Structures are given as C-alpha cells and as structure tokens.
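Below is one structure; the comments refer to it alone.
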Amino acid sequence: MPQFDIYRNPNPDTNTLIPYLLDVQADLLDLLTTRVVAPLHTLKSISVPLRHLNPVLEVNGERLVLSTAELAAVAKAVLGEPVGNVRSYRDDIIAALDFVFAGI
C-alpha cells in the first residue's frame, strides 16, 4: 500500500462530503494491519481551507481539500483498492503534516 494512494471512503454516512481517504503512512510500516489516512473533503464541505493545514489537491478532475487535522488509523481491509495516487503533491502534504505536529 504505497504512501499517497487514494481510496474511496467506504462510510456511507460521510462519503458524500468526504469522497476519498488519503494514505499518509510511510511505506516502511506496511507490515502493520492499519494505515494512517487523512480525509479528502469536497470544497463544499470545507469552503475556506487554511493555507498550511488544508492543501487543495486535484483527484480525478475534482478539487478536494486535505484535512490533515482529521488523521485516523484505518484497517487495511476496509480501504479496498486504490483509485489514484497524489505523490505529485508530496511536498504540500508533508508540509501540512509538519504543520499539524510541529506547527511549522
């Protein structure tokens, strides 16, 4: 499960406003049964993204907001198959994670 892979949100209660989950966990930890993910919100659900905390990523032609403040561990089995990868946004994603954990 490569870092920065994107998965469809399997939760029917939230997948309208949060259509995808982004795997942010390092590949080195692939032996674990869980992956750390951050939700990708629609622009409608986070209308004013915070500059350093919520980078806007394009996924399958749709602009989505990464909510790094909502990190969660999810069982690998729940994630299913990836539908994309946003490695091209690596610097923005890592900067947002740094902002969450170190305030920089």
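A short reminder: the numbers here are calculations on the coordinates, not readings from a lab. A quick note: this is a predicted structure, and the numbers were derived from the prediction, not measured. All Cβ positions, glycine included, derive from the backbone under ideal geometry; neighbour counts span all protein chains shown.
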Least to most buried among Ser45, Ser88 (fewest other Cβ within 10 Å first): Ser88, Ser45
task: Would you grab the residues whose amide H sits under 5 Å from the one on Asn9? Only those 5+ places off in sequence or on another chain, please, with H modelled 1.01 Å from N.
output: Tyr20, Leu21
query: From the backbone phi of the stretch 14-19, what are the Karplus-calculated ³J(HN,Hα) couplings (6.51 cos²θ - 1.76 cosθ + 1.60, θ = phi - 60°) in whole Hz, Gly and Pro given as x?
result: 10, 6, 6, 8, 10, x
- request: Kindly identify the stretch 5-102 as rounded, prolate or oblate by the Cα gyration tensor criterion: order the square roots of the eigenvalues as a ≥ b ≥ c, call it rounded if a/c is under 1.5, otherwise compare a/b with b/c, prolate if a/b is larger, else oblate.
  value: oblate
query: Cα gyration tensor of the stretch 56-104, axes a ≥ b ≥ c as square roots of the eigenvalues: rounded (a/c below 1.5), prolate (a/b > b/c) or oblate?
result: oblate
task: Specify the longest stretch of the chain that does not include any exposed loop site, a site being one of the trypsin sites (Lys or Arg not before Pro) with a non-H, G, I, E, B DSSP assignment and at most 12 other Cβ atoms within 10 Å.
output: 52-104
